1. Per DSSP helix of 4 or more residues, -39500 (n - 2.57); summed, then divided by the residues of chain A. What does that give at 222 nm, rounded to the nearest 500?
2. From the square roots a ≥ b ≥ c of the eigenvalues of the alpha-carbon gyration tensor of region A:107-191, which class results: rounded (a/c under 1.5), prolate (a/b over b/c), or oblate?
3. Using only the alpha carbon atoms of chain A, find the Kirkwood hydrodynamic radius as the inverse mean reciprocal pair distance, in angstroms to one decimal.
4. Can you give the % of DSSP beta bridges in region B:63-172 that are antiparallel, to the nearest 5?
5. B:T77 to B:D64: extension gain in nm, 0.36 nm per residue of separation minus the Cα-Cα distance?
6. Rounded to the nearest Å, what's the spacing between the alpha carbon centres of region A:43-70 and region A:81-158? Just the number, please.
7. Compute the convex hull volume of the Cα atoms of region B:63-172, divide it by the residue count, and report the result per residue in Å³ as a whole number.
8. Multiply the residue separation of A:I9 and A:V108 by 0.36 nm, subtract the distance between their alpha-carbon atoms, and state the gained length in nm to one decimal.
Amino acid sequence: MHAGGGAHIPELVEPNLVPLLDLVLQMVMFFMATTTFVKEERTALVKLPTASAQSAKPVDAVGSDIMYLNINDRGDLLLNPLDSGFGLYRDGKIDGMKNKTFDDAGRVVSQGTFDRAERNRQIEVHLKRAFQDFQRDAEHRQGDDKGVVRTLVILRAHQDASYRDVYEVLRLCRQVGFKKMQLRATIEQAK
Amino acid sequence: MIPIVPMLDLSFQILFFFVITFDMGQQEGYMAMNLPATGEAKAKDQSQVDQSKLSDTELDIPSDFVVVARSYDANFTLTVRDAEKPTEIGALKDLDKMTPGEQQKAFDELFNKLADTLKAKVEEKKKDNPNAANNVKIEANSGMKYSHLVSVMDACVRSGYSQVGFAPPPDLGP
């Protein structure tokens, strides 16, 4: 209502929808981008080795029965924040560091000392627990493969990791019962 | 009237996002492999394997030869070992004195040589028996860089050995 006017002029108040639209679309994009990266568990900490296009086949559908294992250049197993075992390791990786200490904000204060045997043991526990989870899922399946774990383990190791680090993870995978395995590499571009 | 300018701003942002994330060079590929054996083979044959048992009792797939790769400090050697005798493919020395470009070139040459040798072997084998098994095992020492291991694996697959397995590092304690 206008205070001074005698005549009643209806005021047209339109909500400004454009900023809202901007925000919504940006959010949609954000979620689109992050869900893909979380699902594929790609991380900048792992720089894959390169292989020729003849041996490294493009990844198409891998299905949903998969497990990613990311290994960094020091041979530590990086954990997915969505993984149930994530909470056990405050900085999100199994690195076998003994007596590592954190401050209240979760930052590493002292790195501790590296113990390979300890790291192997921790990785084994982690893989065993993961295998049991997959086995439980498999028990609920119907059909011939009821109770049989057919999970594909996808190993993504950093190019500077040593053979020993990779080999130990492979051996542990097999030991706990995984049967299908695949390595990942960056496909080399034709020169 | 619909204001078109903010819409345009947004479209440019979307466009920019897709432009910077578009990266052909980072395409990821998979390499198939055989898992290493963890225990002693208890079955004589793959058909006798008890499917209900854990995999560490399974028979490791036999291979007719082994690619032996050794990497110590600045040296790198490649050997192919079959039932009779080892054949040296090549050795690289003083890698620490080379520039990264020279190193890359030396490694590329060595791995191409390995692929050629393996290709000759596989052709010879296929002549006698077209259905011959095509598996090979890689035996690397524990300090080997993973990128070199993948290059060796790459050379094996390129030359026609689709089944690649890994032998335990010989310098790894029990």
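Please treat every number below as a calculation from the coordinates, not as lab data. Just so you know, these numbers come straight off a predicted model, no measurement behind them. Because the Cβ atoms are built from the backbone with ideal geometry, glycine has one as well, and the counts that use them run over all protein chains shown.
1. The helix contribution divided over chain A gives -11000 deg cm²/dmol.
2. Taking the square roots of the gyration eigenvalues as a ≥ b ≥ c, region A:107-191 is oblate.
3. On the way: mean 1/r = 0.0492 Å⁻¹.
Answer for chain A: a Kirkwood hydrodynamic radius of 20.3 Å.
4. On the way: 14 of 22 bridges.
The antiparallel proportion sits near 65 percent.
5. 2.6 nm
6. With region A:43-70 and region A:81-158 each reduced to a Cα centre, they are spaced 19 Å.
7. Numbers: hull volume 10.0 nm³, N = 110.
Cα convex hull per residue, to the nearest whole number: 91 Å³.
8. Extra length from A:I9 to A:V108 when fully extended: 29.0 nm.
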